[in-house]
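The values are calculated or read from the model by the stated rules, or taken from the named source; none is laboratory data. The model shown is predicted, which means the values in this text are computed figures rather than measured ones. Here the Cβ positions follow ideal geometry from the backbone for every residue, glycine too, while neighbour counts run over all protein chains shown. SASA here: full protein model, heavy atoms, side chains in, ligands and nucleic acids out. Shrake-Rupley method; radii C 1.70, N 1.55, O 1.52, S 1.80 Å.
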Amino acid sequence: MSVKKEKNVELMSTKKVIVGLSGGIDSTASAYQLIKEGYEVIGVTFDFFGSENTLTAAGLAAERLGIKHHIVHAQRQFQEKVIEPFIEGYKKGQTPNPCLLCNREMKFKLLTEFADRNDYALIATGHYAEVVKVGDEFKLLASLNQDKDQSYFLYHLDQNVLSRLLFPLDCFRSKDAVRQTIKELLPELSAGNESQGICFIPKKNHTLFLKEAVFGLNPTLPGNFVDTAGKILGIHRGIHGFTLGQTRGLGIKQSKRLVVIDIIPETNTVVLDEEAALFKNEIWINHLYLHLGADLTGSELTFKTCRWGNHYHGNVECLNNGQAIIHCREPVRAPTPGQALVFYQGRQVLGGGIIKKNLI
C-alpha cells in the first residue's frame, strides 16, 4: 500500500520542539537536525534508573548544541511501569519487551506532558520511523532505513501523539550519515559504539538480574526439563533463564538437538523438543490496538513477531475483549508470549498486540 504524503503546515508553523535527549548518537543528531531546520529545541532527559553516565552525556550534548536542558526524575514510575512488569512477565513464563513497555508507558507520555506545559510544543525522538499526514489522519510508517527501523516498538502511538511527533532521523539513510552529522559537534560521541542490551540491567547480565529480582537472596527454584510426553530429561535452575527457541545453556545431552518449545510456570517446567515444534500456523494475541482507520478484515497483511524478524503474511480473525487470532500463510518460528506482534500494510503500521499462548 502506498501512502501519499501531505505537507503538514500545522507542524511546520509550530517551531518549539521538545526532544527526548539521552546523550546518545541518535537523539543528539535529532536535536541538531531540528536546530538546522529552524526549530526552537529544548532537550529533556528522563532519569529512569539513576544512570549518572546518561545524565552527564545528555548534559554535555545539550551544552554543545546550545539548547535548554531539563531532567525529569521518574525512577519510581519506571520501576512500576517497566521493571516490575518485566520481572512479572518472566515469572509467568513470558518474554516481555522492556523497550516496548518504556515507549508505551513512560517516554511518550512524559514527553507529551512536558510539551503540554511548554506551550503545547511538538515532540521528537531519535527513533527510526516516519509520520505522514494523509487527509486528517496521521500515519506511522516504517523507516526507509530498513536496517534501523524501530516502528515495531511504536505501533501503539495514537493520534494525539502522532499529530505532534517528529522523527528527524528519517532524512538520513544510514547510521554513518547520522554519525557524520554530529562529528564536528561531538567527535567523541560520533565515534562511539551503539548501546546494546537492556538499559537498566547492570553489565547487561540479563539472567543474573532476573535471578536476583525474582528470588532475591533465596536459592533459585529448580524445576524439570521434560519432553512433550512429560518424561523428565534433566533439571534446570529456574524458568526465568529461558525463552522460546533457546538452545544454549540446557545442559541436556541427546542425540537430537533440543530447543525450548514451552515454559509452564505453574509447574516450574521447561518443555524441550526438536526445532520443528517451534513453528506455528496460528498465533493468538491480546491487548489488540489498531490505528485510526485500520481495517484488518478481508485482506492479507504482513506482520512481524520481533523487531529483527521476517515479515510474514496472514489473515486476522478479531475476537472479543481485544483478542485476535492470526492465521499464518507460512509457519512462524517461535512466536513468543510477551513479545509484540505488529501489523503492516506496505510500510504503514496498522497496529499490533501482545502474543499469548495459543488456547487451541
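Residue 279 label point, 7 Å along Cα→Cβ, cut-off 14 Å on backbone N: hits in the stretch 322-360? Of the residues in the stretch 322-360, 328-335 have backbone N under 14 Å from the label point off residue 279. Stretching residue 264 away from residue 232 to a fully extended chain increases their span by 10.1 nm, per 0.36 nm per residue minus the current alpha-carbon distance.
Backbone geometry of the stretch 301-314 corresponds, through the Karplus equation with coefficients 6.51, -1.76 and 1.60 at θ = phi - 60°, to 3J(HN,Hα) couplings of 10, 9, 8, 10, 10, 7, 4, 8, x, 6, 8, 9, 10, x Hz, x marking Gly and Pro.
Restricting attention to the stretch 214-305, which GluC sites (Glu not before Pro) occupy a DSSP loop and are surrounded by at most 16 other Cβ atoms within 10 Å? Listed in order of number, the matching sites are 266, 274, 300. When only alpha carbons are used to place a centre, the stretch 105-131 and the stretch 262-318 end up 30 Å from one another. When the solvent-accessible area of the chain is split by element, carbon and sulfur atoms take up 50 percent of it, the probe being 1.4 Å. Please calculate how many Å² of accessible area the chain carries per residue, with a 1.4 Å probe and no DNA, RNA or ligand atoms counted. Dividing the accessible area of the chain by its residue count gives 50 Å². A straight Cα-to-Cα reach below 20 Å connects residue 256 with the aspartates and glutamates 227, 273, 274, 275, residues fewer than 8 places away in its own chain not being considered. Do any of 36/304; 92/280; 107/356; 109/183; 139/183; 68/183 go past 28 Å between their Cα atoms, and which? Going by Cα-Cα distance, 36/304; 109/183; 139/183 fall outside the 28 Å limit. Distance between the modelled labels on residue 173 and residue 185, one decimal in nanometres: 2.2 nm (7 Å Cα→Cβ projection).
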